[in-house]
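Computed from the coordinates by the stated procedures, all read-outs in this text should not be read as laboratory data. Model, not experiment: these values are computed from the prediction.
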Amino acid sequence: MRSIRRSLHELANVFTGVVIAAGLLEEYLEGGSLQEFASEISTNGERGSALVREIREHFLAACPVAEPIQDATTIPLREQ
């Protein structure tokens, strides 16, 4: 269970990076023909992030003893 939580946390980090980079690219391409592509990347990154949150909520509801991972220094729970 701990590995699933950690993987969801890492996947959320990936989507955060994609959304941030796409937003910056959108600003850079403002008015350009490629801005639509950057916008699509941003929209899909946000969608992926929302899916990770939804999966995480379902996982935590099914395994209520699992505490959320806060950062890399968090002491891991014993494997359930």
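Laid out as a table, the results:
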read-out	value
Karplus (6.51, -1.76, 1.60) ³J(HN,Hα), θ = phi - 60°, over the range 18-25, in Hz, Gly and Pro reported as x	5, 5, 5, 4, 5, x, 5, 5
Length released on extending from residue 51 to residue 11, taking residue separation times 0.36 nm less the Cα-Cα span	13.4 nm
